[in-house]
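The values are calculated or read from the model by the stated rules, or taken from the named source; none is laboratory data. This structure is a prediction, so every number in the text was calculated from the model and none was measured. Methodologically, a virtual Cβ is constructed for each residue, glycine included, from the backbone with ideal geometry; neighbour enumeration extends over all protein chains shown.
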């Protein structure tokens, strides 16, 4: 035995097991951190009240959807803001599970969110270049990071991220029909999910080029492949199914879009919103305002999209750019949630941070500390997190 | 790597694709032909109003003046179909370019009534924003009020007996000079007046 071999640490745990243990450990650590942050912030906090107590903002809409379903018009409380604004996939999934288990809604939602996060992490392994540091960071980001609230309570982001990872993992293996099936679920989860079809189209094009195809024979080649056609046709199925439901329920297939008016969202150009957000300086001191945090987050999102482009991950880059830009036409609200839940963003970030062991360790510690502050900020209604 | 599909499977895939595209075309047909109530269409689709006429009961005792300050929250709630926010400490704020009040009473009425309104106009950045308010009762315009920002103004608007024969008064306050408080604030959030009290009194 050479010295080098003798000094190499023996691998006692198989890789497959390691890849499962890492997200499970992150889930446990994240739960502990969030619970202690909750207990330190909320009066009369208890373990029994934890899952309900951490359900804030849109979470209560999802709980209502899972328990009761969609309201008709007029709404029971005569509000203009109907719950048709929220896409059905995740509340429907949790709604089915609470019917099957008869357990409290937030307990089921929390368990489902954590399970989906663990699934997303495991499936993302090849998308992270099979780098264990990046993989660990991604696990901590979702389950024990500053924005872990979105992926461990009852927010649609977790299913959105899970399905996005599934689509890109399928595309990486050139399993286009499978990607189309996951995309159908994605388009029933958030409206921007429908734009994953651009990523599928780009990957189909790249596959075509790899096979020696040209621009002129691309469309005929696609028409000769019914699996590709079906993949494209499946991608918006979730959206159209929801629209059909709204037609029968409300008489308005675009009710999810029309109801946005009730929230009084502004409409304008994304660069103007970002610029104004960055200029919204604090009245006292140097702590950035919520608007500035959202502005910086948006810029980070665009930088990560540019990195994706530079790394020639054209499908992810195109999808990220569309999914980042479209919500910006309605202002900066929720951009932190949108960016952190847009799978290519945390995947790229963790891959970059995971390239160096020292940087990875520092980032991991920062994420764990951030989990505490993210939870406290969430519970004390820090607006940038909404 | 995707393998070429076998012939029957390929045909099934083509057929499923065609069915999906046909279904999407049907949904798009529904998109351009919504079947919705008039108030829904006006607010959400055509956006011809910022005030969606909600079916509130309008429960009211004729001859009383209802406070739209926090102390009258419960009594005021069934009188506000749309276009109001609050009450806060300084009144119930009108939002949008029009607001509605609904009074529905069971007491018999024979003569004309008087609509009593206590209003104050908003300020923008500390600057007074005087408002003109058009008052419509049961779709008939009765008057235009000029409301200042310095102190609450009291108005009595004569309501002809023939306008309120069925014990219901649907009142629309239109705000043609409503103020956009910020560059990107949509019309549903424009500001105009604050309502302090309202009632229908025998003239």
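Within region B:149-163, if we keep just the residues that are touching a strand residue (DSSP E or B) at 6+ places or on another chain (Cβ under 6 Å) and in a loop (DSSP other than H, G, I, E, B), the residue that is nearest to the other protein chains (Cβ to nearest Cβ) turns out to be B:149. Scanning region A:61-82 for residues that are closer than 20 Å to residue A:258 by Cβ, surrounded by 18 or more Cβ atoms within 10 Å (Cβ to Cβ) and more than 14 Å from chain B (Cβ to nearest Cβ) gives A:65, A:70.
Conditions (1) in a loop (DSSP other than H, G, I, E, B); (2) within 12 Å of chain B (Cβ to nearest Cβ); (3) crowded, with 22+ Cβ neighbours inside 10 Å, marked per residue:
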position: A:159; (1), (2), (3): no, no, yes
position: A:164; (1), (2), (3): no, no, yes
position: A:182; (1), (2), (3): no, no, yes
position: A:189; (1), (2), (3): yes, no, yes
position: A:241; (1), (2), (3): no, yes, no
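Please determine, by comparing only the residues of region A:217-230 that are at the interface with another protein chain (Cβ under 9 Å from one of its Cβ atoms) and part of a helix (DSSP H, G or I), which one is nearest to residue A:92 (Cα to Cα). Restricting to residues being at the interface with another protein chain (Cβ under 9 Å from one of its Cβ atoms) and part of a helix (DSSP H, G or I), the top hit is A:230.
With the condition kept exactly as written, say whether any residue in region A:260-267 is on the phi > 0 side of the Ramachandran plot, within 12 Å of chain B (Cβ to nearest Cβ) and outside any helix (DSSP H, G or I). Reasoning before the result, please.
Initial filter on region A:260-267 (on the phi > 0 side of the Ramachandran plot): A:264.
Right, trim to within 12 Å of chain B (Cβ to nearest Cβ) and you get A:264.
Subset that is outside any helix (DSSP H, G or I): A:264.
Within region A:260-267, one or more residues are on the phi > 0 side of the Ramachandran plot, within 12 Å of chain B (Cβ to nearest Cβ) and outside any helix (DSSP H, G or I).
Of the listed requirements (1) surrounded by 19 or more Cβ atoms within 10 Å (Cβ to Cβ); (2) touching a residue at least 40 places away in the same chain (Cβ under 8 Å); (3) closer than 19 Å to residue B:102 by Cα, residue B:137 misses just one: (2). Among the residues of region B:91-113, write down those that are at pLDDT 95 or above and surrounded by fewer than 18 Cβ atoms within 10 Å (Cβ to Cβ). Selection gives B:104 alone.
Scanning region B:180-201 for residues that are touching a residue at least 40 places away in the same chain (Cβ under 8 Å) and within 14 Å of chain A (Cβ to nearest Cβ) gives B:181, B:187, B:188, B:189, B:190, B:191.
All of B:155, B:175 fail the test of being modelled with pLDDT of 95 or more and within 14 Å of the chain's Cα centre (by Cα), apart from B:175.
Residue-wise test of (1) more than 8 Å from chain A (Cβ to nearest Cβ); (2) under 30 Å from residue B:203 (Cβ atoms); (3) in contact with a strand residue (DSSP E or B) (Cβ under 8 Å, 6 or more places away or on another chain); (4) surrounded by 12 or more Cβ atoms within 10 Å (Cβ to Cβ).
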residue: B:45; (1), (2), (3), (4): no, no, no, yes
residue: B:48; (1), (2), (3), (4): yes, no, no, no
residue: B:56; (1), (2), (3), (4): no, yes, yes, yes
residue: B:65; (1), (2), (3), (4): yes, yes, yes, yes
residue: B:72; (1), (2), (3), (4): yes, yes, yes, yes
residue: B:83; (1), (2), (3), (4): yes, yes, yes, yes
residue: B:89; (1), (2), (3), (4): yes, no, no, no
